[in-house]
Each structure stands twice: as structure tokens, then as C-alpha cells.
Amino acid sequence: MSKRTIGLLLIAVVALGAMTGVAAAEGDLGVAVDRGADGASTVTVTENDTAVENATVNVSVVDPANESYAGAGEYETDANGTVDLDAPEEDVTVNVTASNGNDTASTTADLEAPDGLELDVEDTDGEPVVTVTDNDTAVENASVNVTAADENATYLGAGDYETDANGTVTLDAAEEDVTIDVTAEYENDSVTETVDLEVPEGLAVDVENTSGEPVVTVTDDGESAENASVNVTTADGQNVTYVGAGDYETDENGTVTLPAAEENVTVDVTAEYENDSVSTTVDLVAEGGEADEDQPFGQLMQDFIDRLQDREGGIGAAVSDFATENNPGNAPDHAGNPGGPDDAGNGSDAGNASDGPGNAPDHAGNGNDGEQGPPDHAGPGGDDGDANESDDDQGPPSDAGPDADESDEEDGDDADAEGDDDDAEGGDDDDAGNGPGNGNGQGNGNGNGPNN
């Protein structure tokens, strides 16, 4: 064999060897860590996507100074190329290295401690729901005990229960605010939570956007009440109508949208849901308008009192002032005092007017012509006094004044004195007269009548 031939053969052998090494290098050893819900983990070793049996797996803690893991150590894969690791007692980060022949592969994994047995209580302001889980999986047939935290408090739902297939127990709504202890037990494990329960809000109705298209919202225990019945009527005592009066049913959001009011109106809104009902009264304002000044006084008063609910101290004075200012029974300003209009005061014109209430007419005075005197029994009235002295029926009582003789002698003096008095007061004998019937105040209406 020639040297040339031998050389070619050697080159071929080297090339074949090189090709064999590349194939070995192309071998792909892989390792993966899958974490289960119970906290346990599974390591899987593969080569070219095929499970590798009897591969060596080493598990070590990344930060041994601060973390520990009872499952650290060396393992060997089974026929499925897997190794099972125990759940850690606390969260830990580990290195996992797999070896098969001359090939190795490594990965880092965060192992989490299992949640273990847990319970949660929701809807604490309605009918509370207790949910029991073990490593995030619902636990059926777990035992649940409920007691009032304060021995002096009571709770209707206190007692022992067992969870259903969904790991839940529904408790009774609280009749008063109360704190309870809830304990769940399952497979020799237990967990306890303390929860504050609140009295449910019950059925409620609210009306917003009263100056546009009103929106009625119905809730039950704070949750939207779908398919609740809503009735809208015009409140009593009004001479207006509302186009939106009628019956409605709430949508999935517990709401009903009403048409805008065409004029200011007060409406009653009643909601019914699951054998319960609630009502409210609201004022709707026509679009672009203001609150109705002709609103019934009772409604105005009620609205005013409602606005004072958060006021500190008494509200009596404020309510009294409001009633005085807004009561429709109040007289207008021009009506004056109860005695009459403003011009019925004590002015000289009104006080002495001849046609004022109670004043005798002008001709009733004891004028100089002697024709219009007082009744005969009213006493001497001037020159005609003598003529009537003899008539017992017409004269004054015996104790009412001087006798006839004295009357004659004193007539002149009396007349002079009365004249002087009249002059001092600015009066006029001819106009005012001297008789007692010229009364100047209300009620003094007995003027001197004519003599017969």
C-alpha cells in the first residue's frame, strides 16, 4: 500500500472520529422542576426529550447561611426520569443539577411552603360564607365551629357545621354587630380566624339626577337588586302630574332610568324585592328650572328639617324662623297690623274722622241750633236743659248731677268753661259740639241723638 493510500485512510479515520464527537456533543440533557399545589415538587431529567432513568440529581440550597431545606441531597431518577422532593417547611431557593454520563444540566427553583389548611369568611355584612381550603384546594367535609368571641354577646349562627363539596358553609346574617371566632379542622390540622359581622343594610332605594333623567337604584344588603319592582307615583297634595309615573323593573345593575320631569313635582318611589319593600319621596325639578316655590308648605318644612339632621344643638329656633318666614298663611306686607292697614294708626285724620268706627256723625254733636241733643236722660245738654227738667223719663238719674235750679244757674258758667277748653285744644264749638257723644276712639260710638 502506498504512502499516499495510507495517508488517505488516516484522514478518513480522523474525520469519522470527529463526526462521532459532534454527535455526542449534540446530546441535550435537560432538567426541570414542577411545583405541586401541596408544596411538593417533581424533578424531571430528559435527554433529547426522552426521560433518563438512573440519572443523578443533586439538590442544594442557594443561600445556606439564611435558608435551609430538609430535602437537600442526592437522588437518582426512576424509570420516568423523575425525582420527588418534599414540600419545604418555609420558602427556599435551591439549585438542582442532573448528571448522566458526561453530561450535566442545572436549574434554579423557588420552592414555596404549602399554604396548608386555610379558611376565609366573606360577605360579613350579609349572610357570611366560610370557605375552607388545604393547599389552595377546597376541602369537603371539614369541620367548622362558630362561637361569639365575647361570652356576653350572642350570635344566632353559633354552632357546628360541615363544609360542602365546594369547601363552604353559609352562616346566618347577624341580628346585631358581633365578633365571632371561626375554627376549621381537617385531617389533624386546624386553623382559626376572628371576624367582625355587621347587621345587613337590607333593602334600600336611592334616586339621583333629580333635575334631569332620574336614576333609581335598588340595593339589598349593599348589592345591586336585579329584577326588583319599582313603582313611581305623584305625591299627594299636588295639582301636577308626572309623565314617568308607573311600574318598572330594575336591570342587572339594580337601576331604573325615569323620564325627566316636565314641571316641578314631588314623587313617591317604592321598591319591592324578595318580600321586602322600601319607599322614598323625592322632588323632581324640571330641566333648566329651580325648586318649586309653590311646593306644599308641609313638604318644604320636612325638607328643611331633613337638612338640619346633622346640626349640632337644638333645631327648634331654626324651624320656628323657617315656619314664620315661609308659612303661606302669613299676611302680605301691605296688610299691616291686625287692627287694619298701615293708614289706620293714630294720626289726627284717622283718630278724629267723623266717619271713623264708633264716632258719631257730624250732626250728632250738641250744636248751637239745639236740634241735635243727647238722649233726654243723658243729662243737661245746653239751652234745652230747662225744657226737659220736668220729664222724669227724660232726665238724668237723681244722683247724676245738679237739680234743675242749679242747672239754670250753672249753664252759663259751664258753657264758658267748655268753650275755653275747646279753644285750648284747638277745637271749634260749632263743629265739634259739646255733647258727650263726640267720641274720638274706636268703640265710643254713642253720639248725641236728636231731642224730641
Q) Got a sec? Which of Gly244, Gly237 is among the small types (Gly, Ala, Ser) and surrounded by 15 or more Cβ atoms within 10 Å (Cβ to Cβ)? A) Gly244
Q) If Gly167 satisfies every condition in (1) on the phi > 0 side of the Ramachandran plot; (2) modelled with pLDDT under 95; (3) of a type outside the set (Ser, Thr, Tyr) but one, which is the exception? A) (2)
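For every residue, the table says whether it meets (1) in the same structural domain as Glu193 (by TED's automatic domain parsing); (2) in contact (Cβ under 8 Å) with a residue 40 or more places away in the chain; (3) farther than 30 Å from Leu203 by Cβ.
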{"residue": "Val45", "(1), (2), (3)": "no, yes, yes"}
{"residue": "Thr56", "(1), (2), (3)": "no, yes, yes"}
{"residue": "Glu89", "(1), (2), (3)": "no, no, yes"}
{"residue": "Val96", "(1), (2), (3)": "no, yes, yes"}
{"residue": "Thr124", "(1), (2), (3)": "yes, yes, no"}
Q | Cross-chain or 6+ apart pairs with Cβ under 6 Å, region 103-116 first and loosely packed, with under 15 Cβ neighbours inside 10 Å, then part of a strand (DSSP E or B) and not charged (D, E, K, R) | A | Ser106/Thr97; Thr107/Val31; Thr107/Val96; Thr108/Asn95; Asp110/Thr93
Q) Quick one: Glu175 ticks every box in (1) part of a loop (DSSP other than H, G, I, E, B); (2) of a type outside the set (Lys, Arg); (3) in contact with a Pro (Cβ under 6 Å, 6 or more places away or on another chain) bar one, so which box is it? A) (3)
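Among the residues in region 9-30, are any in contact with a strand residue (DSSP E or B) (Cβ under 8 Å, 6 or more places away or on another chain) and at pLDDT 90 or above?
From region 9-30, those in contact with a strand residue (DSSP E or B) (Cβ under 8 Å, 6 or more places away or on another chain) are 27-30; that's our starting set.
Then keep just the ones that are at pLDDT 90 or above; that gives 29-30.
Checked against the condition, which is being in contact with a strand residue (DSSP E or B) (Cβ under 8 Å, 6 or more places away or on another chain) and at pLDDT 90 or above, region 9-30 yields at least one hit.
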Q) Val62 fails exactly one of the following numbered conditions: (1) surrounded by 14 or more Cβ atoms within 10 Å (Cβ to Cβ); (2) closer than 14 Å to Ser41 by Cβ; (3) of a type in the set (A, V, I, L, M, F, W, C). What is the number of that condition? A) (2)
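Which is in the same structural domain as Ser211 (by TED's automatic domain parsing), under 19 Å from Ser224 (Cβ atoms), touching a residue at least 12 places away in the same chain (Cβ under 8 Å) and touching a strand residue (DSSP E or B) at 6+ places or on another chain (Cβ under 7 Å), of Val282, Val269, Val265? Can you show your working first?
On the way: Val282 fails: under 19 Å from Ser224 (Cβ atoms); Val265 fails: under 19 Å from Ser224 (Cβ atoms).
The match here is Val269.
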Q: Output the residues belonging to region 134-153 that are modelled with pLDDT of 95 or more and hydroxyl-bearing (Ser, Thr, Tyr).
A: Ser143, Thr147
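Quick one: which residue in Glu67, Glu76, Glu90, Glu112 is of a type in the set (D, E, K, R) and within 20 Å of Asp49 (Cα to Cα)? It would help to see each step written out before you state the result.
Working: Glu67 fails: within 20 Å of Asp49 (Cα to Cα); Glu90 fails: within 20 Å of Asp49 (Cα to Cα); Glu112 fails: within 20 Å of Asp49 (Cα to Cα).
Exactly one of Glu67, Glu76, Glu90, Glu112 is of a type in the set (D, E, K, R) and within 20 Å of Asp49 (Cα to Cα), namely Glu76.
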Q | Single unsatisfied condition, Glu208 versus (1) exposed (fewer than 15 other Cβ atoms within 10 Å of the Cβ); (2) closer than 22 Å to Asp251 by Cβ; (3) charged (D, E, K, R); (4) in contact (Cβ under 8 Å) with a residue 12 or more places away in the chain | A | (4)
Q | Flag if Thr133 is outside the structural domain of Thr44 (by TED's automatic domain parsing), touching a residue at least 24 places away in the same chain (Cβ under 8 Å), part of a strand (DSSP E or B) and surrounded by 13 or more Cβ atoms within 10 Å (Cβ to Cβ) | A | yes
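The values are calculated or read from the model by the stated rules, or taken from the named source; none is laboratory data. If you're wondering where the values come from, they're calculated on a predicted model, not measured in any experiment. Heads up, the Cβs are rebuilt from the backbone with ideal geometry, glycines too, and the neighbour counts pull from every protein chain shown.
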